[in-house]
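This report concerns only the one structure given below.
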Amino acid sequence: MFDHIECFYRPTTVREALLLLRKAGKHGRLVAGGTDFVIQADRSTRFLIDITRLGLSYVRGNSRGYTIGATTTMAAIEHSLITRTLAGGILAKAASTCGSIQNRNIATVGGNLANASPAADTAAVLLALEAQVVVAGPGRKRKIALSDFYSGPHQTVLKGELLEEVLIPALPRGGRLGWSFQKLGRTETDISLVNAAAGLQADAQGHIKWARLALGAVGPTPLRARNTEALLLGKTLTEDLLTRAGEAAMHEVSPISDSRASAEYRREMSGVLARRALRECAAQAGCKLL
Ligand SMILES: Cc1cc2nc3c(=O)[nH]c(=O)nc-3n(C[C@H](O)[C@H](O)[C@H](O)COP(=O)(O)OP(=O)(O)OC[C@H]3O[C@@H](n4cnc5c(N)ncnc54)[C@H](O)[C@@H]3O)c2cc1C
(Lines give C-alpha, C1' and ligand atoms only; values in the text may rest on other atoms or scores of the structure.)
Protein backbone atom coordinates (compact mmCIF):
# COMPACT_ATOMS: atom_id res chain seq x y z
CA MET A 1 0.00 0.00 0.00
CA PHE A 2 2.87 2.38 0.83
CA ASP A 3 5.46 1.00 -1.57
CA HIS A 4 5.46 4.35 -3.39
CA ILE A 5 6.60 6.27 -0.26
CA GLU A 6 10.34 7.00 -0.47
CA CYS A 7 10.77 9.08 2.70
CA PHE A 8 8.82 9.66 5.89
CA TYR A 9 9.93 12.84 7.64
CA ARG A 10 9.23 13.77 11.26
CA PRO A 11 10.00 17.51 11.58
CA THR A 12 9.77 19.20 14.97
CA THR A 13 9.10 22.77 13.87
CA VAL A 14 6.58 24.34 11.50
CA ARG A 15 9.45 25.98 9.60
CA GLU A 16 11.15 22.63 9.02
CA ALA A 17 7.86 21.05 7.89
CA LEU A 18 7.30 23.87 5.39
CA LEU A 19 10.84 23.57 4.04
CA LEU A 20 10.38 19.83 3.54
CA LEU A 21 7.03 20.43 1.85
CA ARG A 22 8.56 22.95 -0.52
CA LYS A 23 11.51 20.67 -1.30
CA ALA A 24 9.23 17.69 -1.98
CA GLY A 25 7.16 19.72 -4.47
CA LYS A 26 4.14 17.98 -5.96
CA HIS A 27 5.23 14.61 -4.56
CA GLY A 28 5.15 15.82 -0.94
CA ARG A 29 2.22 15.55 1.43
CA LEU A 30 1.62 16.61 5.02
CA VAL A 31 0.14 13.90 7.17
CA ALA A 32 -1.31 14.11 10.68
CA GLY A 33 -3.46 11.15 11.78
CA GLY A 34 -3.38 9.73 8.27
CA THR A 35 -7.00 8.54 8.52
CA ASP A 36 -8.04 10.33 5.35
CA PHE A 37 -4.70 9.94 3.60
CA VAL A 38 -4.67 6.13 3.89
CA ILE A 39 -8.07 5.64 2.29
CA GLN A 40 -7.30 8.01 -0.58
CA ALA A 41 -4.57 5.69 -1.87
CA ASP A 42 -2.89 8.61 -3.64
CA ARG A 43 0.05 7.00 -5.39
CA SER A 44 1.57 10.31 -6.50
CA THR A 45 2.81 10.99 -2.95
CA ARG A 46 6.44 9.96 -2.48
CA PHE A 47 7.42 12.03 0.53
CA LEU A 48 5.29 12.08 3.68
CA ILE A 49 5.80 14.83 6.25
CA ASP A 50 4.40 13.89 9.64
CA ILE A 51 3.24 17.02 11.46
CA THR A 52 2.27 15.49 14.79
CA ARG A 53 5.52 16.60 16.54
CA LEU A 54 5.21 20.32 15.83
CA GLY A 55 3.64 21.18 19.19
CA LEU A 56 0.26 21.91 17.62
CA SER A 57 -1.88 19.75 19.92
CA TYR A 58 -3.74 21.97 22.39
CA VAL A 59 -7.10 23.48 23.29
CA ARG A 60 -7.00 26.91 24.92
CA GLY A 61 -9.67 29.37 25.88
CA ASN A 62 -10.08 32.77 27.49
CA SER A 63 -12.58 35.65 27.44
CA ARG A 64 -11.46 36.65 23.92
CA GLY A 65 -12.02 33.25 22.35
CA TYR A 66 -10.61 29.79 21.85
CA THR A 67 -7.61 28.31 20.04
CA ILE A 68 -7.27 24.71 18.94
CA GLY A 69 -4.01 23.41 17.51
CA ALA A 70 -4.25 21.65 14.15
CA THR A 71 -2.98 18.28 15.35
CA THR A 72 -5.36 18.11 18.30
CA THR A 73 -7.12 14.77 17.99
CA MET A 74 -10.85 14.25 17.90
CA ALA A 75 -10.52 12.29 21.16
CA ALA A 76 -8.80 15.28 22.83
CA ILE A 77 -11.55 17.63 21.62
CA GLU A 78 -14.20 15.19 22.72
CA HIS A 79 -12.78 15.07 26.27
CA SER A 80 -11.38 18.58 26.79
CA LEU A 81 -13.21 20.47 29.55
CA ILE A 82 -12.94 23.60 27.42
CA THR A 83 -14.60 22.16 24.32
CA ARG A 84 -17.15 20.25 26.37
CA THR A 85 -18.48 23.53 27.69
CA LEU A 86 -17.83 25.74 24.65
CA ALA A 87 -21.10 26.46 22.80
CA GLY A 88 -23.04 23.81 24.66
CA GLY A 89 -20.37 21.24 23.78
CA ILE A 90 -21.33 20.99 20.08
CA LEU A 91 -17.72 20.81 18.88
CA ALA A 92 -16.95 18.05 21.40
CA LYS A 93 -20.11 16.27 20.28
CA ALA A 94 -19.16 16.51 16.60
CA ALA A 95 -15.66 15.21 17.38
CA SER A 96 -17.15 12.32 19.34
CA THR A 97 -18.98 11.14 16.21
CA CYS A 98 -15.91 11.02 13.92
CA GLY A 99 -15.64 7.31 13.40
CA SER A 100 -14.56 4.70 15.94
CA ILE A 101 -12.54 5.31 19.13
CA GLN A 102 -9.46 4.10 17.27
CA ASN A 103 -10.09 6.64 14.51
CA ARG A 104 -10.74 9.49 16.94
CA ASN A 105 -7.53 8.75 18.83
CA ILE A 106 -5.45 9.71 15.79
CA ALA A 107 -7.74 11.78 13.52
CA THR A 108 -7.02 15.50 13.91
CA VAL A 109 -9.12 18.61 13.58
CA GLY A 110 -6.62 20.13 11.13
CA GLY A 111 -6.88 17.04 8.94
CA ASN A 112 -10.66 17.13 9.12
CA LEU A 113 -10.66 20.72 7.82
CA ALA A 114 -7.75 20.49 5.35
CA ASN A 115 -9.11 17.32 3.76
CA ALA A 116 -12.09 19.49 2.77
CA SER A 117 -14.69 16.77 2.70
CA PRO A 118 -18.16 18.36 2.49
CA ALA A 119 -19.18 15.86 5.20
CA ALA A 120 -16.46 16.77 7.74
CA ASP A 121 -18.24 16.90 11.07
CA THR A 122 -16.14 19.54 12.83
CA ALA A 123 -16.39 21.82 9.79
CA ALA A 124 -20.14 22.41 10.16
CA VAL A 125 -19.74 23.30 13.83
CA LEU A 126 -16.73 25.54 13.23
CA LEU A 127 -18.61 27.35 10.45
CA ALA A 128 -21.52 27.99 12.82
CA LEU A 129 -19.00 29.29 15.37
CA GLU A 130 -17.49 31.60 12.72
CA ALA A 131 -14.04 30.10 13.16
CA GLN A 132 -10.92 31.24 11.38
CA VAL A 133 -7.86 29.18 10.55
CA VAL A 134 -4.27 30.36 10.93
CA VAL A 135 -2.14 29.02 8.10
CA ALA A 136 1.63 29.20 7.82
CA GLY A 137 3.41 29.38 4.50
CA PRO A 138 6.99 30.05 3.52
CA GLY A 139 7.80 33.36 5.17
CA ARG A 140 4.30 34.37 6.27
CA LYS A 141 1.22 33.51 8.24
CA ARG A 142 -2.34 34.44 7.40
CA LYS A 143 -5.78 34.15 8.96
CA ILE A 144 -8.63 32.89 6.80
CA ALA A 145 -12.30 32.73 7.74
CA LEU A 146 -13.33 29.10 7.54
CA SER A 147 -16.16 30.18 5.23
CA ASP A 148 -13.45 31.31 2.74
CA PHE A 149 -11.17 28.30 3.26
CA TYR A 150 -12.89 25.87 0.90
CA SER A 151 -12.71 26.21 -2.85
CA GLY A 152 -14.52 23.00 -3.80
CA PRO A 153 -14.95 19.36 -2.86
CA HIS A 154 -11.63 18.25 -1.31
CA GLN A 155 -10.10 21.60 -2.25
CA THR A 156 -8.92 24.47 -0.09
CA VAL A 157 -7.17 27.77 -0.69
CA LEU A 158 -3.96 26.39 0.88
CA LYS A 159 -0.89 26.89 -1.34
CA GLY A 160 2.06 24.94 0.03
CA GLU A 161 0.85 26.01 3.47
CA LEU A 162 0.20 24.30 6.77
CA LEU A 163 -2.90 24.84 8.85
CA GLU A 164 -1.52 25.68 12.29
CA GLU A 165 -4.54 26.37 14.44
CA VAL A 166 -8.24 27.12 14.55
CA LEU A 167 -9.49 30.32 16.19
CA ILE A 168 -13.01 30.53 17.57
CA PRO A 169 -14.13 34.04 18.49
CA ALA A 170 -15.85 34.79 21.79
CA LEU A 171 -19.50 33.74 21.73
CA PRO A 172 -22.33 36.26 21.96
CA ARG A 173 -22.62 37.63 25.47
CA GLY A 174 -25.73 37.52 27.62
CA GLY A 175 -28.09 34.69 28.33
CA ARG A 176 -30.73 32.84 26.37
CA LEU A 177 -28.34 31.00 24.07
CA GLY A 178 -28.90 27.56 22.63
CA TRP A 179 -26.73 25.21 20.56
CA SER A 180 -27.14 22.00 18.64
CA PHE A 181 -25.19 19.53 16.50
CA GLN A 182 -27.18 16.96 14.55
CA LYS A 183 -25.79 14.14 12.45
CA LEU A 184 -27.43 11.58 10.25
CA GLY A 185 -25.24 8.63 9.25
CA ARG A 186 -25.91 5.07 8.13
CA THR A 187 -24.23 3.72 11.28
CA GLU A 188 -22.81 5.14 14.51
CA THR A 189 -19.30 5.31 13.04
CA ASP A 190 -20.03 6.28 9.44
CA ILE A 191 -19.48 9.73 7.97
CA SER A 192 -22.47 12.06 7.76
CA LEU A 193 -25.18 11.72 5.14
CA VAL A 194 -26.14 15.17 6.39
CA ASN A 195 -25.03 17.15 9.42
CA ALA A 196 -26.19 20.43 10.92
CA ALA A 197 -24.84 22.80 13.55
CA ALA A 198 -26.85 25.69 14.95
CA GLY A 199 -26.75 28.45 17.52
CA LEU A 200 -29.55 30.81 18.58
CA GLN A 201 -29.82 33.73 20.95
CA ALA A 202 -33.16 35.17 22.03
CA ASP A 203 -33.90 38.45 23.78
CA ALA A 204 -36.03 38.77 26.91
CA GLN A 205 -39.20 38.86 24.81
CA GLY A 206 -38.22 35.64 23.02
CA HIS A 207 -37.31 37.30 19.72
CA ILE A 208 -34.36 35.75 17.95
CA LYS A 209 -31.53 38.26 17.89
CA TRP A 210 -28.67 36.01 16.68
CA ALA A 211 -28.84 32.85 14.57
CA ARG A 212 -26.28 30.56 12.97
CA LEU A 213 -26.95 27.45 10.91
CA ALA A 214 -24.37 25.39 9.02
CA LEU A 215 -24.95 22.23 7.02
CA GLY A 216 -22.60 19.53 5.79
CA ALA A 217 -22.58 16.79 3.11
CA VAL A 218 -25.20 18.67 1.10
CA GLY A 219 -23.07 20.74 -1.26
CA PRO A 220 -19.55 20.92 -2.70
CA THR A 221 -18.31 22.31 0.63
CA PRO A 222 -19.70 22.59 4.15
CA LEU A 223 -21.93 25.68 4.06
CA ARG A 224 -23.58 28.40 6.13
CA ALA A 225 -27.34 28.58 5.53
CA ARG A 226 -27.39 32.36 5.53
CA ASN A 227 -30.89 32.81 4.09
CA THR A 228 -32.34 30.59 6.78
CA GLU A 229 -30.46 32.56 9.43
CA ALA A 230 -31.84 35.82 8.01
CA LEU A 231 -35.38 34.42 7.99
CA LEU A 232 -35.17 33.75 11.73
CA LEU A 233 -33.83 37.12 12.85
CA GLY A 234 -36.17 39.33 14.85
CA LYS A 235 -38.93 36.71 14.96
CA THR A 236 -40.44 34.66 17.75
CA LEU A 237 -39.86 30.96 17.24
CA THR A 238 -43.12 29.22 16.40
CA GLU A 239 -43.88 25.83 14.86
CA ASP A 240 -44.76 27.67 11.66
CA LEU A 241 -41.40 29.51 11.64
CA LEU A 242 -39.58 26.22 12.25
CA THR A 243 -41.34 24.70 9.24
CA ARG A 244 -40.43 27.68 7.09
CA ALA A 245 -36.82 27.56 8.31
CA GLY A 246 -36.63 23.86 7.36
CA GLU A 247 -37.96 24.68 3.89
CA ALA A 248 -35.51 27.56 3.52
CA ALA A 249 -32.63 25.26 4.48
CA MET A 250 -33.71 22.76 1.81
CA HIS A 251 -33.44 25.54 -0.77
CA GLU A 252 -29.91 26.45 0.29
CA VAL A 253 -28.37 23.04 -0.34
CA SER A 254 -27.17 21.41 -3.57
CA PRO A 255 -26.55 17.79 -2.66
CA ILE A 256 -25.38 14.99 -4.93
CA SER A 257 -26.39 11.33 -5.05
CA ASP A 258 -23.72 8.79 -4.13
CA SER A 259 -23.44 5.29 -2.71
CA ARG A 260 -24.63 6.53 0.69
CA ALA A 261 -27.78 8.50 -0.21
CA SER A 262 -29.68 10.18 -3.03
CA ALA A 263 -29.64 13.92 -3.54
CA GLU A 264 -33.41 14.02 -2.87
CA TYR A 265 -33.02 12.26 0.47
CA ARG A 266 -30.17 14.55 1.50
CA ARG A 267 -32.20 17.65 0.59
CA GLU A 268 -35.20 16.41 2.58
CA MET A 269 -32.98 15.56 5.56
CA SER A 270 -31.37 19.02 5.44
CA GLY A 271 -34.79 20.41 6.33
CA VAL A 272 -35.37 17.80 9.03
CA LEU A 273 -31.96 18.32 10.66
CA ALA A 274 -32.24 22.11 10.46
CA ARG A 275 -35.60 21.93 12.27
CA ARG A 276 -34.27 19.50 14.86
CA ALA A 277 -31.23 21.65 15.51
CA LEU A 278 -33.24 24.87 15.83
CA ARG A 279 -35.77 23.17 18.11
CA GLU A 280 -32.97 22.01 20.43
CA CYS A 281 -31.44 25.51 20.41
CA ALA A 282 -34.82 27.04 21.23
CA ALA A 283 -35.32 24.71 24.19
CA GLN A 284 -31.86 25.60 25.59
CA ALA A 285 -32.48 29.31 25.04
CA GLY A 286 -35.71 29.02 27.01
CA CYS A 287 -37.95 29.88 24.04
CA LYS A 288 -41.41 28.38 24.30
CA LEU A 289 -42.54 27.28 20.85
CA LEU A 290 -45.92 28.83 20.07
C1 LIG B 1 -13.22 4.60 9.46
C2 LIG B 1 -13.27 6.10 9.31
C3 LIG B 1 -14.36 6.77 9.80
C4 LIG B 1 -14.43 8.17 9.66
N5 LIG B 1 -15.52 8.83 10.15
C6 LIG B 1 -15.58 10.18 10.05
C7 LIG B 1 -16.72 10.87 10.56
O8 LIG B 1 -17.66 10.30 11.08
N9 LIG B 1 -16.72 12.22 10.43
C10 LIG B 1 -15.70 12.92 9.83
O11 LIG B 1 -15.76 14.13 9.75
N12 LIG B 1 -14.61 12.27 9.35
C13 LIG B 1 -14.54 10.92 9.44
N14 LIG B 1 -13.46 10.24 8.94
C15 LIG B 1 -12.43 11.00 8.21
C16 LIG B 1 -11.16 11.35 9.01
O17 LIG B 1 -10.97 10.53 10.14
C18 LIG B 1 -11.21 12.81 9.46
O19 LIG B 1 -11.42 13.68 8.37
C20 LIG B 1 -9.92 13.20 10.22
O21 LIG B 1 -10.18 14.27 11.07
C22 LIG B 1 -8.75 13.54 9.29
O23 LIG B 1 -7.66 13.90 10.11
P24 LIG B 1 -6.22 13.23 9.93
O25 LIG B 1 -5.36 13.86 10.94
O26 LIG B 1 -6.32 11.74 9.98
O27 LIG B 1 -5.89 13.73 8.46
P28 LIG B 1 -4.79 13.15 7.45
O29 LIG B 1 -5.31 11.91 6.80
O30 LIG B 1 -3.47 13.08 8.11
O31 LIG B 1 -4.78 14.35 6.39
C32 LIG B 1 -5.89 14.60 5.58
C33 LIG B 1 -5.51 15.64 4.53
O34 LIG B 1 -5.32 16.90 5.13
C35 LIG B 1 -3.98 17.36 4.94
N36 LIG B 1 -3.59 17.90 6.24
C37 LIG B 1 -3.68 17.31 7.45
N38 LIG B 1 -3.34 18.17 8.41
C39 LIG B 1 -3.00 19.32 7.80
C40 LIG B 1 -2.57 20.59 8.27
N41 LIG B 1 -2.43 20.86 9.59
N42 LIG B 1 -2.31 21.56 7.37
C43 LIG B 1 -2.47 21.33 6.04
N44 LIG B 1 -2.88 20.15 5.54
C45 LIG B 1 -3.14 19.16 6.42
C46 LIG B 1 -3.18 16.15 4.52
O47 LIG B 1 -2.11 16.52 3.67
C48 LIG B 1 -4.21 15.33 3.79
O49 LIG B 1 -4.35 15.81 2.48
C50 LIG B 1 -13.37 8.87 9.04
C51 LIG B 1 -12.25 8.16 8.56
C52 LIG B 1 -12.20 6.80 8.69
C53 LIG B 1 -11.00 6.07 8.16
Calculated from DSSP helices alone, with each H run of at least 4 adding -39500 (n - 2.57) and the total divided by the residues of the chain, [θ]222 nm to the nearest 500 comes to -9000 deg cm²/dmol
Charge dipole of the chain built from unit charges on the beta carbon (Lys, Arg +1; Asp, Glu -1), centred at mean Cα; most positive-end Cα among Thr108, Ala70, Val218 is Ala70
Scalar couplings 3J(HN,Hα) for region 69-84 by Karplus 6.51 cos²θ - 1.76 cosθ + 1.60 (θ = phi - 60°), nearest whole Hz, x for Gly and Pro, are x, 4, 8, 5, 7, 4, 4, 5, 5, 4, 9, 5, 5, 5, 6, 5
Excluding residues fewer than 8 positions from Lys93 in its own chain, the lysines with Cα under 24 Å of it are Lys183
Restricting to Cα pairs under 8 Å and 6 or more apart, the percent relative contact order of region 151-279 works out to 22
For region 151-261, the accessible surface attributable to carbon and sulfur atoms (probe 1.4 angstrom, ligands and nucleic acids excluded) amounts in percent to 52
For the chain, dividing by residue count, accessible area per residue (probe 1.4 Å) in Å² works out to 46
Note: region 125-277, point scatterers on Cα, Debye, no solvent; log10 I/I(0) at q = 0.09, 0.15, 0.20 Å⁻¹ equals -0.32, -0.84, -1.23
Under 12 Å by backbone N from the virtual spin label 7 Å along Cα-to-Cβ at Lys143, the residues of region 48-86 are 64-67
The long-range amide H neighbours of Thr156, using H built 1.01 Å from N in the peptide plane and a cut-off of under 5 Å, are Ser151
Diffusion coefficient in µm²/s returned for region 4-115 by Stokes-Einstein, Kirkwood Rh over C-alpha pairs, 37 °C and 0.692 mPa s, is 221
Expressed to one decimal in nm², the mean projection of the alpha carbon convex hull of region 110-175 is 4.7
Bounding extents of the chain in its principal axis frame from Cα atoms, largest first in Å, are 63, 44, 31
One finds the C-alpha centres of region 220-290 and region 45-95 to be spaced, in Å, by 27
Any residue on another chain or 5+ positions along whose placed amide H is under 5 Å from the amide H of Val253 is listed here as none
For Thr236, other-chain or 5+-apart residues with amide H closer than 5 Å (H placed, Pro excluded) are Ile208
In degrees rounded to 10, the 0-90 angle between helix 14-24 Cα long axis and the longest Cα principal axis of the chain is 60
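The values are calculated or read from the model by the stated rules, or taken from the named source; none is laboratory data. Only a predicted model underlies this, so the values are computations on that prediction, with no experimental measurement involved. Ideal geometry is used to build each Cβ from the backbone, glycine not excepted, and the neighbour counts take in all protein chains shown. For the accessible areas, the whole protein counts, side chains as well, though only heavy atoms, and no ligand, DNA or RNA atoms are used. Shrake-Rupley method; radii C 1.70, N 1.55, O 1.52, S 1.80 Å.
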